[in-house]
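One structure follows; several queries about it will come next.
The values are calculated or read from the model by the stated rules, or taken from the named source; none is laboratory data. Worth saying up front: this structure is predicted, and the values here are computed from it rather than measured. Backbone-built Cβ (ideal geometry, glycine too); neighbour counts: all protein chains shown.
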Amino acid sequence: MKPESFEAVVRALEIGVFEQVADGAFTSVAPLPDWMRAFSQNPTFPFLGSFLIEARAFWAEPRDTRLTWGPCSEVDEAGREFHYRVSALSLPDHKYLVFELDHHAEETRAILQKAREVVLQRQTPPARGLDSTDG
Amino acid sequence: MLGAFAVGKTSLVSRFVTSMFSEKYLTTVGVKIDKKRVSLLRGEMELILWDLYGEDEFQKVRMSYLQGASAYLLVADGTRKETIDIAASLQRAAEAEIGKVPFVLALNKVDLADRWQVDMGDLERAGEWGWKIVRTSAKTGEGVEETFLILARAMASR
């Protein structure tokens, strides 16, 4: 694939693709999508915490080509929350991290929200002094 | 941030990071990542806060998320006694995963004193285990800054 074609595909998918370089830092291999501007500019991605620990173990002994975590969420400069997933890819002689938006996270949240609100209503006692149906 | 669902983990982070609070409960999906720089006697420290989804019958917390954590904040809801047991269970699981690192139990929602279900016996039991306990309210801000600073100082002194 020509480099410009690769970049066009990455841009269309709105994904961020980074390759781990020799010093443990990551460098982007294609222009970053707008939604990744909210991210830390530290090239070692310290905010990924345990994901990176698991990714290093995965790259050392890959049992598959891809390992994925998430969803994660952050808030952009405008205060909007967005969800994303992070994948470690193990390809011959290359270690990649791929960031992609998770468009299904809100659906998952809506289901969990409804379920938990029901449980919460059952667990939480009413305030004293308020009318109560069970007297 | 570890605890049962709807104990106020996200609200505590929001109060600490942005000084904001919302009455509306919005469940967390996955991991919410925030950052906050704090000033300590020996200099500044940047905290990277991992607010993990709440533990319940629908989702179990993936303990491997704790790998690399320097400390953790257990959160329980003073108006729901069962959340203390979940905090205790999570603490045991966390220690099994990452060993002994500093932690604090935030007994949240102290502003709802008229609905408080946690009795002193529960608190004394947790105290006997050597837990540091702080009563907090994400709504009023009571105890919130103090709780995170206790953790930051404990991390700095290690």
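Suppose the filter is within 18 Å of residue B:49 (Cβ to Cβ) and crowded, with 16+ Cβ neighbours inside 10 Å; does residue B:126 pass it?
So residue B:126 does not fit the description; no.
If the requirement is being under 20 Å from residue A:72 (Cα atoms), away from every other protein chain (no Cβ under 11 Å) and surrounded by 24 or more Cβ atoms within 10 Å (Cβ to Cβ), which of these qualifies: B:107, B:2?
B:2
Just to be sure I understand, how many residues within the stretch B:1-21 are within 21 Å of residue A:116 (Cβ to Cβ), free of Cβ contacts under 8 Å to residues at least 60 places away in the same chain and in contact with a helix residue (DSSP H, G or I) (Cβ under 7 Å, 6 or more places away or on another chain)?
Qualifying residue count for the region: 1.
Next question. Considering only the stretch A:25-39, I want to know if a residue exists there that is free of Cβ contacts under 8 Å to residues at least 12 places away in the same chain and within 14 Å of chain B (Cβ to nearest Cβ).
Taking every residue of the stretch A:25-39 in turn, none turns out to be free of Cβ contacts under 8 Å to residues at least 12 places away in the same chain and within 14 Å of chain B (Cβ to nearest Cβ).
Let me ask something else. Only one residue in A:11, A:116, A:56 is within 14 Å of chain B (Cβ to nearest Cβ), among the basic types (Lys, Arg) and over 17 Å from residue B:64 (Cβ atoms). Which one?
Of A:11, A:116, A:56, the one residue that is within 14 Å of chain B (Cβ to nearest Cβ), among the basic types (Lys, Arg) and over 17 Å from residue B:64 (Cβ atoms) is A:116.
Here's a follow-up. Return only the number of the condition from (1) outside any loop (DSSP other than H, G, I, E, B); (2) closer than 20 Å to residue B:150 by Cα that residue B:86 does not satisfy.
Condition (2) is where residue B:86 drops out.
Oh, and also: Restricting to the stretch B:17-60, what's the tally of residues that are away from chain A (no Cβ under 12 Å) and among the β-branched types (Val, Ile, Thr)?
1
Output the residue which, of all residues in the stretch B:11-34 that are among the small types (Gly, Ala, Ser) and under 14 Å from the mean Cα position of the chain (by Cα), is surrounded by the fewest Cβ atoms within 10 Å (Cβ to Cβ).
Among residues in the stretch B:11-34 that are among the small types (Gly, Ala, Ser) and under 14 Å from the mean Cα position of the chain (by Cα), the one surrounded by the fewest Cβ atoms within 10 Å (Cβ to Cβ) is B:14.
If you check residue B:26 against the conditions, is it in a loop (DSSP other than H, G, I, E, B) and aliphatic (A, V, I, L, M)?
Yes.
Taking the residues in the stretch B:70-82 that are at pLDDT below 95 and touching a Phe, Trp or Tyr at 6+ places or on another chain (Cβ under 9 Å) as candidates, determine which candidate is farthest from the other protein chains (Cβ to nearest Cβ).
B:78
Next up: What pairs come up if the first residue lies in the stretch B:114-133 and is at negative phi and polar (S, T, N, Q), the second is surrounded by 16 or more Cβ atoms within 10 Å (Cβ to Cβ) and in a loop (DSSP other than H, G, I, E, B), and their beta carbons are under 8 Å apart, counting only those six or more places apart or on different chains?
Filtered contacts from the stretch B:114-133: B:117/B:78; B:117/B:79; B:117/B:80; B:117/B:81.
Considering each residue of the stretch A:71-113, count those that are among the aliphatic types (A, V, I, L, M), more than 10 Å from chain B (Cβ to nearest Cβ) and either closer than 30 Å to residue B:82 by Cβ or without any contact (Cβ under 8 Å) to a residue 24 or more places away in the chain (or both), and give that number.
1
Still on this model: State the number of residues belonging to the stretch B:102-149 that are part of a strand (DSSP E or B), of a type in the set (A, V, I, L, M) and farther than 10 Å from residue B:12 by Cα.
Summing the residues that are part of a strand (DSSP E or B), of a type in the set (A, V, I, L, M) and farther than 10 Å from residue B:12 by Cα in the stretch B:102-149 gives 5.
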